[in-house]
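Step one of this worksheet: look at the structure below.
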Amino acid sequence: MGIGGDNIAIQFNHLQKDFGLAKYLVTGGAGFIGSHLVSALNGLDHQVIVLDNLSSGRRENIENWLGPNTCLVEGDIRDQSLVENLLAETAGAFHLAALVSVPQSIERPTESFSINLEGTLNLLEASRKQGNKKIVFASSAAVYGNRHSYPVSETMAGQPISPYGLHKLMCEQHAELFANLYNVNSVGMRFFNVYGPRQDPSSPYSGVISIFIDRLRRGLAPTIYGDGSQTRDFVYVGDVVQALIKAMNSKKQGFAAYNVGRGESVTINMLWQILCDVVGTNLPAKLGPAREGEIHTSLANISKIEAELGYKAEITLQEGLIKTYEWATQ
Ligand code: NAD
Ligand code: UD1
């Protein structure tokens with residue numbers, strides 16, 4: 001698998017005139033979503049400091065951009081003085097570093113608390129101490145839990161059913177409190193299921209599309225957990241990067257949370273079928289036990305982010321799967 005998939009920056013050139021040249025901190029910038037953001041920021045001629053402990057991210061993901069405008073600092077978001085020093089050099093932070101797997105958070109809830117909540121709190125506190133640098137951070141659709149009605153909107157109260165979802169919700173609550181008490185401006189981006197090039201398939205906890213594509217490449221059947229009727233709103237990483245940049249660019253004061261999805265969902269059974277069609281194969285999936293603590297249905301109402309940030313999900317699932325498959329097999 002190559003690095004590839006880096007034409008994403010091109011589609012953001014029109015944002016440059018509004019955005020002003022600046023230096024940004026990107027935590028988790030060596031990871032899947034973060035590395036695409038680093039690429040886009042470079043394409044807009046911004047400077048970038050990546051803070052990443054390389055626990056799931058890889059230096060190779062951002063190797064192409066390391067140089068005079070982009071540097072990688074290997075360190076932990078829970079290191080308070082490091083985070084303060086790095087934020088001091090920048091105009092604001094995109095905060096993506098996290099323990100990202102729902103099942104892993106169920107196995108290791110205190111680690112999720114420490115990385116996901118305390119890490120975010122560390123950054124909010126650093127911002128407060130430094131004259132309120134803007135923070136755009138990754139929240140999650142997992143804050144919604146299971147609902148009676150769909151699509152889910154930002155006006156619905158959070159009802160998480162996993163440590164991961166709870167800790168992401170608590171990040172938002174702290175961010176709102178820091179906005180009210182200390183005027184720290186921040187945006188919580190409730191990503192739905194993000195996929196695309198550079199998503200790492202190597203762990204059983206990896207994103208489902210990366211795993212399914214890896215299985216297809218090797219001619220192996222995947223395992224679908226449960227009966228496969230669960231749904232997800234899959235959003236291409238290029239659209240997520242667009243949303244992140246628009247959130248940083250927004251002049252809105254205080255705290256806001258936004259759904260970042262496509263507003264369409266598919267069952268996991270359908271996902272496998274679509275992927276088989278893309279590749280031109282017909283391999284039946286195996287069924288395994290359902291995962292504990294995961295939501296069944298996921299579907300975003302994206303009218304708030306469309307209206308307030310001018311976000312538009314550009315890439316259809318079919319288009320995004322083709323791009324991702326092509327990257328994985330190049
Ligand atoms: P990823 O695992 O590729 O990226 C996470 C990055 O954070 C990695 O580079 C990892 O090395 C780094 N990291 C982890 N712990 C760290 C620590 N203590 N200090 C410094 N760096 C640390 O995952 P991703 O899919 O790119 O996720 C990025 C963000 O988006 C996360 O906050 C995740 O919770 C959120 N999110 C992702 C999805 C999705 O579908 N991928 C959906 C909703 C939310
Ligand atoms: C994902 C993200 C999480 C994010 C959330 C938002 C990852 C690893 N997790 O969680 O960070 O906050 O979306 O909605 O990116 N599945 C299979 N077979 C597999 C793997 C998965 O059937 O081999 C199923 C799972 O049971 C689940 C669905 O596919 O029903 C999606 O799983 P996964 O990609 O792990 O994502 P989420 O748990 O939804």
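Just so you know, all these numbers are worked out from the coordinates, no wet-lab data involved. The shown structure was predicted, so the numbers you read here are calculated from the model rather than taken from an experiment. Here Cβ is always computed from backbone atoms with ideal geometry, including for glycine, and neighbour counts include all displayed protein chains.
Report the net charge of residues surrounding residue 187, where surrounding means a beta-carbon distance below 14 angstrom and charges are Lys +1, Arg +1, Asp -1, Glu -1.
Its environment carries a net charge of +4.
Angle, helix 237-249 long axis vs. longest principal axis of the chain, Cα atoms, 0 to 90°, nearest 10?
The helix 237-249 is inclined about 20 degrees to the chain.
Tell me, in nm to one decimal, what length is gained between residue 217 and residue 319 on full extension, where the rule is 0.36 nm per residue of separation less the Cα-Cα distance?
Numbers: separation 102, 0.36 × 102 = 36.72 nm, distance 1.80 nm.
That pair, residue 217 and residue 319, stretches by 34.9 nm at full extension.
What ratio of Cα Rg to 2.2 N^0.38 Å holds for the chain? Spell out each step's value before the answer.
Numbers: Rg = 18.7 Å, N = 330, 2.2 N^0.38 = 19.9 Å.
Normalised by 2.2 N^0.38 Å, the Cα Rg of the chain equals 0.94.
Check the straight Cα-Cα distances from residue 246 and name the aspartates and glutamates below 14 Å, setting aside those fewer than 8 residues away within the same chain.
Excluding near neighbours in sequence, the set is 18, 306, 308.
Quick one: if the Förster radius is 22 Å, what FRET efficiency do residue 129 and residue 249 give, using the C-beta to C-beta distance and rounding to 0.05?
Working: r = 24 Å, r/R0 = 1.10.
According to the calculation, E is roughly 0.35.
What is the sum of charges, Lys and Arg at +1 and Asp and Glu at -1, for the other residues whose Cβ falls under 10 Å from the Cβ of residue 92?
On the way: positive: 23, 133, 134; negative: none.
Within the 10 Å Cβ shell, the charges total +3.
Identify all aspartates and glutamates with a Cα-Cα distance to residue 133 below 15 Å; exclude those on the same chain that are fewer than 8 residues away in sequence.
84, 89, 125, 176
Name the trypsin sites (Lys or Arg not before Pro) in the stretch 236-330 that are in a loop by DSSP and that have at most 16 other C-beta atoms within 10 Å, would you?
251, 252, 291, 312
Hey, what did the stretch 208-330 get for relative contact order, percent, Cα under 8 Å, at least 6 apart?
Numbers: 145 pairs, mean separation 50.7, N = 123.
Relative contact order comes out at 41 percent.
Once you place label points 7 Å from the Cα toward the Cβ at residue 110 and residue 146, how far apart are they in nm?
Taking the two extended label points, one gets 2.9 nm.
Estimate the FRET efficiency between residue 264 and residue 308 by the formula 1/(1 + (r/R0)^6), using the beta-carbon distance for r and 25 Å for R0, to the nearest 0.05.
Step by step, r from the Cβ atoms, then E = 0.75.
Can you tell me the orientation of helix 32-43 relative to the chain, as the angle in degrees between its alpha-carbon axis and the longest Cα principal axis, to the nearest 10?
The helix 32-43 is inclined about 50 degrees to the chain.
Distance cut-off 28 Å, Cα to Cα: go down the list 23/251; 134/323; 168/286 and report the pairs above it. Could the numbers behind the result be given before it?
Working: 23/251 18 Å; 134/323 33 Å; 168/286 32 Å.
The pairs that break the limit, which is 28 Å between Cα atoms, are 134/323; 168/286.
Could you work out how far helix 163-182 tilts from the main Cα principal axis of the chain, as a 0 to 90 degree angle to the nearest 10?
20
Please give the length that would be gained between residue 85 and residue 60 if that part of the chain were fully extended, namely 0.36 nm times their separation in residues minus their C-alpha to C-alpha distance (nm, one decimal). Kindly include the intermediate steps, with their values, before the conclusion.
Details: separation 25, 0.36 × 25 = 9.00 nm, distance 2.50 nm.
Difference between extended and current length: 6.5 nm.
Where Lys and Arg each count +1 and Asp and Glu each count -1, what net charge lies around residue 259 among other residues with Cβ under 15 Å from its Cβ?
Values: positive: 147, 168, 190, 232, 246, 262, 304, 312; negative: 154, 172, 233, 239, 264, 306, 308.
Counting the neighbours of residue 259, the net charge comes to +1.
Measuring from a point 7 Å past the Cα of residue 283 along Cα-to-C-beta, which residues in the stretch 96-112 have an amide N at less than 11 Å?
Within reach of a label on residue 283: no residues.
Helix-derived [θ] at 222 nm for the chain: sum -39500 (n - 2.57) over DSSP H runs of at least 4, divide by residue count, nearest 500? Each step should come with its number before you reach the end.
Details: 12 runs with 120 residues, N = 330.
The per-residue figure over the chain is -10500 deg cm²/dmol.
What Rg and what Dmax come out for the stretch 228-325 when only alpha-carbon atoms are used, in angstroms?
Rg, Dmax (Cα atoms, Å): 16.1, 51.
Using the Kirkwood radius over Cα pairs, work out the Stokes-Einstein diffusion coefficient for the stretch 217-281 at 25 °C and 0.890 mPa s, in µm²/s as a whole number. Don't jump to the answer; show the numbers that get you there.
On the way: Rh = 14.7 Å.
Translational D for this selection: 167 µm²/s.
Among the aspartates and glutamates, which fall within straight-line cross-link reach of residue 312, defined as a Cα-Cα distance under 16 Å, with same-chain neighbours fewer than 8 residues apart omitted?
233, 239, 264
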